[in-house]
Protein chains: 2
Amino acid sequence: MPRRNRDNLSFVGMPVERVDADIKIEGRALYGDDLEFADMLYGSYVRSPYPRAEIEKIDISEIEKDPDFVRIITCRDIPGSNKCPIVYDDYPFLADGICEFHSQPVAIIIAKNNFKAKELARSVKLIAKPLDFIDDIHISIKDKKNIFSNYIIKKGEALKELKNCRYIVEGEFTTNYQVHSYLETQVATGIYSSDGRMVVYSSTQCPFYVLDAVCAITGLNSNKVKVIQSVVGGGFGGKEDVPSIVGAHAAVCSMITKKPVRILYDREEDFRSMSKRHPSYSKVIYGADENGKLKVCIVKYILDAGAYSTLSPIVLWRGTVHSTGPYKIDNVLVESYAVKTNKVPCGAFRGFGQPQISFAQESLIDDLADKIGIDPLDLRLKNIIDLNSLTSTSQKIKESIGLKELIEKVREKSRWGKSNLKPSAHFKKRGLGASISYYGVGLGAKGKYLDRAGAYINIYRDGSINLNVGNVEMGQGALTVLSQIAAEMLNSPIENIKLEEVDTSKVPDSGPTVASRTTLMSGNAIIEAAKPLRERIFKTASEILGTDKFIASDGYFITSKKKISFNDVIKECWAKRLKMSEQGWYVSPPTSFDLKDGQGDAYLVYSYSANIADVEIDTETGEIYVKKIYSAFDVGKVVNPILARGQAQGGILQGMSWAIYENLVIEKGIMKNPGFTDYIIATACDKPQYDISFIEKTYSKGPYKAKGMGELPLIGIAASLRNAVKRAFGIKINYLPFLPEKNLKLIKNL
Amino acid sequence: MPRRNRDNLSFVGMPVERVDADIKIEGRALYGDDLEFADMLYGSYVRSPYPRAEIEKIDISEIEKDPDFVRIITCRDIPGSNKCPIVYDDYPFLADGICEFHSQPVAIIIAKNNFKAKELARSVKLIAKPLDFIDDIHISIKDKKNIFSNYIIKKGEALKELKNCRYIVEGEFTTNYQVHSYLETQVATGIYSSDGRMVVYSSTQCPFYVLDAVCAITGLNSNKVKVIQSVVGGGFGGKEDVPSIVGAHAAVCSMITKKPVRILYDREEDFRSMSKRHPSYSKVIYGADENGKLKVCIVKYILDAGAYSTLSPIVLWRGTVHSTGPYKIDNVLVESYAVKTNKVPCGAFRGFGQPQISFAQESLIDDLADKIGIDPLDLRLKNIIDLNSLTSTSQKIKESIGLKELIEKVREKSRWGKSNLKPSAHFKKRGLGASISYYGVGLGAKGKYLDRAGAYINIYRDGSINLNVGNVEMGQGALTVLSQIAAEMLNSPIENIKLEEVDTSKVPDSGPTVASRTTLMSGNAIIEAAKPLRERIFKTASEILGTDKFIASDGYFITSKKKISFNDVIKECWAKRLKMSEQGWYVSPPTSFDLKDGQGDAYLVYSYSANIADVEIDTETGEIYVKKIYSAFDVGKVVNPILARGQAQGGILQGMSWAIYENLVIEKGIMKNPGFTDYIIATACDKPQYDISFIEKTYSKGPYKAKGMGELPLIGIAASLRNAVKRAFGIKINYLPFLPEKNLKLIKNL
């Protein structure tokens, strides 16, 4: 019998093994530094020694005699523009006169090998005058010109209605940086050839951003440049904007030296100069009526953007839109700010401005329940958005929302309110804490010009298939999920499909690989490309079978009498000279948003989650241990249950790591712990038990009704931990990370 | 005023400068051996020492200690198939037991550099037993199993009607080899990577043939292999089949050694083992009635195929179809044979089996005119096919035939019959000689499954354009002509277009770059891809201009009030998220041909030429000097007059070189002059004056009504020279080349 699941599908919804598992497990995958080129040179940076500085002189006299020294590149050598194209284009590729943060790239030393490049770069005498700097958002925000961007959401009469509320809670929350901690640091190689073409291999989530940056710095047109994604050893947002800079540097170095040039960050410089999750400050107020119905939400949300605006305007926008939580609230007032400080520019990180405000908002909802004296899950159930209700931006939810069921699911699974959890020692306390979240899938109204994606399908005569898309595999499983979608559409064996790393010359600009948009956007683009191919293939199959009554399943076309393979059908298609290659293009449905009052349809659709954390706190040390996380997700159709589960586990652990362990220390503008020796992250040893469920509320416009998944699992974790600690022991940890020494102070104040 | 020509076009028909002129003139183009890869190895061949041999042992004991020796590859190392996929797949990649020609590849020695690889390969002791061999087609043909293929054309009652003819002429003709004499010898590089992908850079006319060969030898599926054409330093047919073998060798060597491996032929081995123009024997009989009306043509045509069939079956077919000349003849009997000999396999060469038989047939037509006593041009004019007449395969000419005008044109230009040409010395004689030819454009009925082509157009946000097709630039100007067609369709500046060398992963299998099919097939594929793009661009332009009444010309969209650039329109298209990339696919219209009697529509359409040669013969030395060639062509619309003229000049000189100079000597199966020291070709010094005209009889299904041009100019040259010598001095040179020593014998016999 043909293998088909309950949706009558052979590949979508099936636990297909990762298509890149073998090459990764066996060490055969080619990451950025595995690629070898003849006569390759290496670039390394001279970086700003101060948080803010005026460059006076770059003295290379000590290194220029070195036989391995090739040359120095400064901003004066750049043939094109010295501004990296990221939103407001304010970040210079190489500092020109003034440095705005410690470790900002000032010059590149090119040498014959990587070790020598690093050594020589360290030996350059950079003569610079330290200047005054600002490292505190609360000081910085006082000067308007330090505000990179700000938004407002205004609905109803929040200030006025607050007075009428029976219950009011208010809280201030802070969060710290999070470092992406990918295994593979930033790396790119530029290869300029004598015929005027540039190829850049980049470890990137956003090959088209790198393309734009390379064109900007070199002055080359896009059709002379090809950005090819090398296998990415982890992204999490960290390979979103910075690879543009690294790739552009490698490209310009190659253009000038006429040799391949690689730039490979070491871990310390990766810490010091890479974008991170924004530290934040937020103040949230909720007001509810006597029935526990939410009436008002007032938010002030500030992100510490660092020295250049880079992605902050859009990170802030996402946080702002989601800042009130997935609740029906008639009166909303949100103000948000991304503020400059003389620190490393912050950027994208899984969740993209949502986790910080979700921590604040979901903590405070929990406190409101306490204040009202009802179960926090009941309070949420009473107020959550549902079909046809409006979000805080007045977007009507028209379909695909399983939030209620998710809450019920984790409540049931965790035996919420029923079990009597025992701590593992008498000096420990244990409790359950909840949170919920929603996540607008894709770029939304603020990024709508980028919300399109292409796909290219080429079916060879032997039935094997090349599939190209513009979004990347970075560990999340895109290669597999998108292969499943293509296999389902074409009814080809999944082994026939080779989905390649992105090559910007093969597919049109498909925007960034961010915002949990890959399955939705590239999946739909694949469907667009596959549609006419499917038609030709199925028609040819029916001609061979002599009937159009056949079952297409698992790579075969089957009647009661006959079974023919995909490969045989393709052979016949080619004999008929049918067109066996297509470009697909998908444009997301329209969104609308009015920046004046923050009202409108911010996103296409939302994914949802509910979490319950089972947590222990050591009352003597202040340490927090996560025993188990119950998470339930509505991400629409789950294309691959194994991979979806993996995404959930990774997101939960990364959220937990941010909440409990990760503590980047910057003192007077200088990073104190730029490495894994004293910047601690959760490891496999720290992982909790996972209890993960999916409720598939399908989305009509998604590929096979899928929405998006990548970021959602992380978002609510911090709040669920904080709420669990509160329920275990009564302390309210309104800061991240939950440092034991700080927790102890709270415990002592009890 | 907008730049537009009489056809209201801005680019097509204009003398656009070669788009690859700069990189070629400045030495920046990357030919096969210019590409550098890290840790590259080199392969060189152990070759058969005899014309036929049984291999007994390959002894590498003398070389295996050499530090530069890496390993030997024999047929036993091949993971896939040992038969190169060319028509009948009889040519082994590496000889297995028996060698069938001198210099056949037996093993590959891989070493750390090219010099060492060649040296070590020479030092291998190949112990082999010489076997009996056949080097003469007249002996070989007696054994049926030596006939690789044969065809027949049978129309009317040739043998019967011959008896009724008033005038009968009969002649036997022989032609020798022609070596392609491209500047760049065969070269390929295979790069197998640990992730299981194979990239092969190949100097090839047929990247998809190389793809098939690489898949065959390695056992890899097509989607794991990418063949990328390096800039080709000349093809002329010589880069049609053999690059499959060279590319497959490089690929398998790389797969086994896990390093990049290059194979680069030196000139001698290129001579010895490369395919060539087939030597031929032909016997032609024409019969005419009392009015000089052709009634009968009987042809026997034999090609010396060499040791393996390779392309001979299709070379023979083209020659056969065209063997009676472009005349209306009711009674035709053609038999043709490709016969095995133990010599190097012959293959494709500009004209592809037509020049040999055209030499015979156009010589004999001239002799018939002499016999009848009428002007040879008048005889031709009386008998040529015209609109609605039938070819010898009974194909009705439905459109686009300018043969009559071409003959009138060269008659007028050469002052045929009017001028009194003076020889340059008293011992020299001078005369004019004529020939005409036709050329079926594309692969025709015999290759119809291959007669399709793809194109990919990708328009970037900055307005720059990537264009990819499956046919190659090999010096003929394809990049320029196809860029013109794309620019015309899109109304983009031609500078915006970057047409890249072929990458088999970017476009579907578009067949070979042969048969003068590139402009027609890839041109039409580009038009298919461009159509929807043009529609979007023009619609967007009309929206910006506020009217659909505008002139699109030369990269601008113009009304009386406003002029906007292509780049501005593209910017707006992207802002609207329109699909700016498309795959085009073109399938040639159907042909039909019955192999039983050789009747049917052999080709889509024909191009035509007429030539008059002004020639001097030195009666004391027998040497022949070509003073001037008048050629007129009907190739449909001329897309680029400079390039078309260049094609004409090159074809004429190459035809002349074949006729007069090129004399490859093979004695007892061994080549005696494998190099340019004693294999003489025409050079710039030998070039005649050219008088070239075009008469554009447009073809409704061609891209902007073009047909094809590349091979036509060569085909009739030899006969025109032979006929000129005859008219100058009375001798009939029925052999090629016109060696002075042989000519002298004819002169002495006068």
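Below, the figures for the structure above:
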quantity: Count of residues meeting criterion [β-branched (Val, Ile, Thr), under 20 Å from A:Val502 (Cα atoms) and buried (at least 23 other Cβ atoms within 10 Å of the Cβ)] in the stretch A:214-228; calculated: 3
quantity: Some residue of the stretch B:209-228 being under 18 Å from the mean Cα position of the chain (by Cα) and part of a helix (DSSP H, G or I); calculated: yes
quantity: Filter result (out of contact with any Ser or Thr (no Cβ under 9 Å at 6 or more places or on another chain) and on the phi < 0 side of the Ramachandran plot) within the stretch B:74-97; calculated: B:Thr74, B:Cys75, B:Arg76, B:Asp77, B:Ser81, B:Asn82, B:Lys83, B:Pro92
quantity: Filter result (within 14 Å of chain A (Cβ to nearest Cβ) and farther than 13 Å from B:Glu501 by Cα) within the stretch B:462-484; calculated: B:Asp462, B:Gly463, B:Ser464, B:Ile465
quantity: Breaking point among (1) more than 14 Å from chain B (Cβ to nearest Cβ); (2) without any contact (Cβ under 8 Å) to a residue 24 or more places away in the chain, for A:Glu495; calculated: (1)
quantity: Of all residues making up the stretch A:589-612, the number that are within 12 Å of another protein chain (Cβ to nearest Cβ) and at pLDDT 95 or above; calculated: 0
quantity: Output for the stretch B:672-687, where each listed residue is outside any loop (DSSP other than H, G, I, E, B) and small (Gly, Ala, Ser); calculated: B:Ala684
quantity: Number of positions in the stretch A:25-60 that are more than 14 Å from chain B (Cβ to nearest Cβ), part of a loop (DSSP other than H, G, I, E, B), open to solvent by 60 Å² or more (accessible area, probe 1.4 Å) and not basic (Lys, Arg); calculated: 1
quantity: Any hit, the stretch B:492-512, residues being assigned to a helix (DSSP H, G or I), under 18 Å from the mean Cα position of the chain (by Cα) and closer than 24 Å to B:Val210 by Cβ; calculated: no
quantity: Residue within the stretch A:655-669 that is within 20 Å of the chain's Cα centre (by Cα), of a type in the set (S, T, N, Q) and more than 30 Å from A:Pro51 (Cβ to Cβ) present; calculated: no
quantity: In the stretch A:542-585, residue farthest from the other protein chains (Cβ to nearest Cβ) [restricted to those that are of a type in the set (Ser, Thr, Tyr) and out of contact with any Pro (no Cβ under 9 Å at 6 or more places or on another chain)]; calculated: A:Ser560
quantity: Hey, B:Tyr91 touching a residue at least 60 places away in the same chain (Cβ under 8 Å), in contact with a Gly (Cβ under 8 Å, 6 or more places away or on another chain), crowded, with 20+ Cβ neighbours inside 10 Å and closer than 27 Å to B:Tyr281 by Cβ or not; calculated: no
quantity: Sole residue being open to solvent by less than 10 Å² (accessible area, probe 1.4 Å), more than 30 Å from B:Gly584 (Cα to Cα), over 20 Å from the mean Cα position of the chain (by Cα) and modelled with pLDDT of 95 or more, chosen from B:Ala455, B:Ala434; calculated: B:Ala434
quantity: The stretch B:694-704, subset outside any loop (DSSP other than H, G, I, E, B) and open to solvent by 10 Å² or more (accessible area, probe 1.4 Å), residue nearest to B:Leu403 (Cα to Cα); calculated: B:Phe694
quantity: Residue in the stretch B:705-724 that is part of a helix (DSSP H, G or I) and at pLDDT below 95 present; calculated: no
quantity: A:Glu616 over 30 Å from A:Ile652 (Cβ atoms) and either more than 41 Å from the chain's Cα centre (by Cα) or away from chain B (no Cβ under 14 Å) (or both); calculated: no
quantity: Members of the stretch A:498-521 that are within 14 Å of chain B (Cβ to nearest Cβ) and among the β-branched types (Val, Ile, Thr); calculated: A:Val502, A:Thr504, A:Val507
quantity: The stretch A:119-134, residues that are in contact with a strand residue (DSSP E or B) (Cβ under 8 Å, 6 or more places away or on another chain) and either buried (at least 19 other Cβ atoms within 10 Å of the Cβ) or of a type in the set (A, V, I, L, M, F, W, C) (or both); calculated: A:Leu120, A:Ala121, A:Val124, A:Leu126, A:Ile127, A:Ala128, A:Leu131, A:Ile134
quantity: Residues of the stretch A:243-272 classified as within 19 Å of A:Ala348 (Cβ to Cβ) and touching a helix residue (DSSP H, G or I) at 6+ places or on another chain (Cβ under 8 Å), total; calculated: 6
quantity: Verdict on A:Ala434 being touching a Ser or Thr at 6+ places or on another chain (Cβ under 8 Å) and within 14 Å of chain B (Cβ to nearest Cβ); calculated: no
quantity: A:Asn524 vs. criteria in contact with a Phe, Trp or Tyr (Cβ under 6 Å, 6 or more places away or on another chain), within 14 Å of another protein chain (Cβ to nearest Cβ) and part of a strand (DSSP E or B); calculated: no
quantity: Count - residues of the stretch B:170-194 that are under 16 Å from B:Val261 (Cα atoms) and outside any loop (DSSP other than H, G, I, E, B); calculated: 6
quantity: Qualifying residue in the stretch A:631-644 (condition: of a type outside the set (Asp, Glu) and open to solvent by 30 Å² or more (accessible area, probe 1.4 Å)); calculated: yes
quantity: Some residue of the stretch A:168-187 being within 14 Å of chain B (Cβ to nearest Cβ), touching a residue at least 24 places away in the same chain (Cβ under 8 Å) and of a type outside the set (Gly, Ala, Ser); calculated: no
quantity: The lone exception for A:Gly442 - which of (1) open to solvent by 10 Å² or more (accessible area, probe 1.4 Å); (2) on the phi > 0 side of the Ramachandran plot it fails; calculated: (1)
quantity: Candidate set: the stretch A:599-628, residues that are hydroxyl-bearing (Ser, Thr, Tyr) and in contact with a helix residue (DSSP H, G or I) (Cβ under 8 Å, 6 or more places away or on another chain); chosen: the one surrounded by the fewest Cβ atoms within 10 Å (Cβ to Cβ); calculated: A:Thr621
quantity: Residues (out of contact with any Lys or Arg (no Cβ under 8 Å at 6 or more places or on another chain) and charged (D, E, K, R)) located in the stretch A:351-369; calculated: A:Glu362
quantity: Index of the failed condition, A:Lys382 passing every other in (1) open to solvent by 10 Å² or more (accessible area, probe 1.4 Å); (2) under 30 Å from A:Gly234 (Cβ atoms); calculated: (2)
quantity: Any chance A:Ile733 is in a loop (DSSP other than H, G, I, E, B) and either open to solvent by 40 Å² or more (accessible area, probe 1.4 Å) or of a type in the set (Lys, Arg) (or both); calculated: no
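The values are calculated or read from the model by the stated rules, or taken from the named source; none is laboratory data. Just so it is clear, the structure is predicted and the values come from calculations on it, not from any experiment. Glycine also receives a Cβ, built like all others from the backbone with ideal geometry; neighbour counts cover every protein chain displayed. Heavy atoms of the whole protein, side chains included, go into the accessibility calculation; ligands, DNA and RNA do not. Shrake-Rupley method; radii C 1.70, N 1.55, O 1.52, S 1.80 Å.
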